[in-house]
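> Below is the structure I would like to discuss, written out as structure tokens.
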Amino acid sequence: MIHRVTVIGNSHIRALEKAVEDGIVGLGGIETRFLWLKTKNHGSVSKEDAIKACCSLGAGDLLVLSHLGALHNQLALFEHDAPFSVADPETGVPTPANRTVVPVAAVREFFLTRIGPASTLKQFASGASCPVFHFGSPPPRRQMLRKIKKVRLDRGEVDLRAFADPALRLAVWRIETEVVDAHLEALGIRTLPAPPEARDEDGYLHPDFYAEDATHANAAYGALVIMQIISALDLSGSPEGGAA
């Protein structure tokens, strides 16, 4: 039986935390803690403290990570000065049309280079003597609240950027998801796909699950991820098919 659930990661863990806080989904009284890793502007838990938390977990616990899968926003959230296209790995269609097509292999290499050895994930997973899951960022939304967004640069200046074509954002998200899933499998970490119930007929995030910003999902989405975790556990609290 699962005694404790520890969720460690980036800002996307807030959707899960809020789902629990709002009572949308319950964990049957299981002790649950959410640790948002500290970055330059967000989070509150250092990597060192997160590793200690992982090392404190035993066989009767569960570790859920969200660390990879958000780089697509660096590459394709906003329109580039030299707009490009890439073939969607699911449909094979370059989108948007009438642009320079960047090979899918080059996009994969972009993500592989930035993932690197993922030593942080290795440290988290190897330190925990329990099943380990990972979920990435939600699929991109089709519609943005605004066509233009103000972006504050590091030097304090403000730039105006147009959001990239939604089909391009979805294609790049799919490519990154493939790369991340393969990497996690090699590390022995169980992956949780984006819940199909939260996606529209074309694969975008359904409007019912939009958060207030351009890149996150809401608590209802977080509840679906938690339900995925619960459904992956048998009645004894062990992952179906054994430990990761």
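> Once you have all Cα-Cα distances for the range 69-121, histogram them in 10 Å bins from zero and send the whole-percent values.
21, 52, 22, 6, 0
> Would you mind telling me the share, in percent, of accessible area of the range 1-97 contributed by carbon and sulfur at probe 1.4 angstrom?
That share works out to 54 percent.
> Going from most exposed to least, what order do 8, 30 have by accessible area with a 1.4 Å probe?
So, going from the largest accessible area down, we get 30, 8.
> Select from the chain the helices, each a whole stretch of DSSP H, whose alpha-carbon atoms run 20 Å or more along the helix axis and whose Kyte-Doolittle mean is at least 0.0; answer none if there are none.
Length and hydropathy pass: 166-187.
> I would also like to ask the following. What accessible area per residue, rounded to a whole number of Å², is obtained for the chain using a probe radius of 1.4 Å?
On a per-residue basis, 51 Å².
> Out of residues 5 or more away from residue 78 or on other chains, whose amide H comes under 5 Å of its own, with H placed 1.01 Å from N in the peptide plane?
Excluding prolines and chain starts, which carry no amide H, the hits are 164.
> What's the percent breakdown of Cα-Cα distances in the chain across 5 Å bins, shortest bin first?
Once binned at 5 Å, the Cα pair distances of the chain give 1, 6, 13, 17, 19, 17, 13, 8, 4, 2, 0, 0.
> Largest first, what is the accessible-area ranking of 36, 173 with a 1.4 Å probe?
36, 173
> Kindly provide the pair-distance distribution of the range 1-132 built from C-alpha pairs, with 5 Å bins from 0 and whole-percent values in order of increasing distance.
Percent of pairs per bin, in order: 2, 9, 15, 17, 15, 11, 11, 10, 7, 3, 1, 0.
> While we're here: GNM, the chain, Cα, under 10 Å: largest mean-square fluctuation among 20, 102, 180?
Highest fluctuation among the options: 102.
> Using alpha carbon centroids, what distance separates the range 58-75 and the range 162-221, in Å?
What the calculation gives is 13 Å, centre to centre.
The values are calculated or read from the model by the stated rules, or taken from the named source; none is laboratory data. All figures in this text were calculated on a predicted structure; none of them were measured in a lab. When the accessible area is computed, the model is the full protein with side chains, heavy atoms only, and any ligands, DNA or RNA have been set aside. Shrake-Rupley method; radii C 1.70, N 1.55, O 1.52, S 1.80 Å.
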